[in-house]
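Everything below concerns the one structure shown next.
The values are calculated or read from the model by the stated rules, or taken from the named source; none is laboratory data. If you're wondering where the values come from, they're calculated on a predicted model, not measured in any experiment. Here the Cβ is made from the backbone with ideal geometry for all residues, glycine too, and neighbour counts use every protein chain on show. Surface accessibility is based on the protein's heavy atoms, side chains included, excluding ligands, DNA and RNA. Shrake-Rupley method; radii C 1.70, N 1.55, O 1.52, S 1.80 Å.
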Amino acid sequence: AELGQLLTGDKDSAAMLRDFAARGLFVEPIAGTADRYRIHPAFRAALGRHPGAVDADTGVQLHRVAMRHFAAQQMHGLAAEQALLAGDAAQAGILLAEIAMPMLMRGELAALGAWMERLPAAEILAVPALLHAQAWLFALTAHPDARAAIAALDASGAGAEARAVDIVHRAYAGD
C-alpha cells in the first residue's frame, strides 16, 4: 500500500488495494502481512500492453521509485528486480550482493542462479561479493564455467577461498 501511494500519489491507495483484493481484482494479499499485495501476473502483463501504458522514461522512473522503496524495506531481491527493470544492472548487482551468500547458505541455488544469469558478467566482476557467490554457486551446481569463476576469484586476490571452492568443485564435479 505504501508503494502504491509512492507510485500514484493517491493518499488512499491502501483502501483501494483492500477493495480490489476483497473483490478478487488485480491484486491478492500476501499472507502474513498487513498491507502488502501481489499484483496478479495477468494484470501486470495487460498493463504493459495497454495503449495508455506509461512511456519508457516514466516506466524507468517508476521502477526506480519501487527499487528505492524495496531497498529501504530490506527487500533486496524485489529491489534488484526493479533495478533490472529500470535498466540499472550496476544497482541490481549491489543489491544482489547483499543476499547472494545468505541464499547460498539456505540452499537457494536455483533462485540465485536465475538472478546471476540476468546480470552482465562485468557487473559480477565489479562486485566482489558477487564474484565470491558466483564461484561457490558454480562449484555447487557443477556449472560448466566453474573453473573460470574460480580462476576469477583467485585473480581477485581471494586465493585461499578460491582453493577451497576448487576443492568443493572437484568433490562435486570430479576431475
### Query
So how many residues does the range 94-108 have that are assigned to a helix (DSSP H, G or I), farther than 25 Å from His63 by Cα and open to solvent by 60 Å² or more (accessible area, probe 1.4 Å)?
1
### Query
Would you say Ala79 is free of Cβ contacts under 8 Å to residues at least 24 places away in the same chain, aliphatic (A, V, I, L, M) and within 30 Å of Leu7 (Cβ to Cβ)?
yes
### Query
Would you say Gln73 is at pLDDT below 75, of a type in the set (S, T, N, Q) and open to solvent by less than 80 Å² (accessible area, probe 1.4 Å)?
no
### Message
I'm trying to understand the selection: among the residues of the range 20-61, which are at pLDDT 75 or above, in a helix (DSSP H, G or I) and open to solvent by 70 Å² or more (accessible area, probe 1.4 Å)?
### Response
Ala22, Asp57, Gln61
### Task
Of the conditions (1) more than 18 Å from Tyr172 (Cβ to Cβ); (2) touching a Leu at 6+ places or on another chain (Cβ under 7 Å), Leu112 clears all except one; give me its number.
(1)
### Top-ranked residue of the range 62-93 - restricted to ones that are assigned to a loop (DSSP other than H, G, I, E, B) and on the phi < 0 side of the Ramachandran plot, ranked as farthest from the chain's Cα centre (by Cα)
Gln73
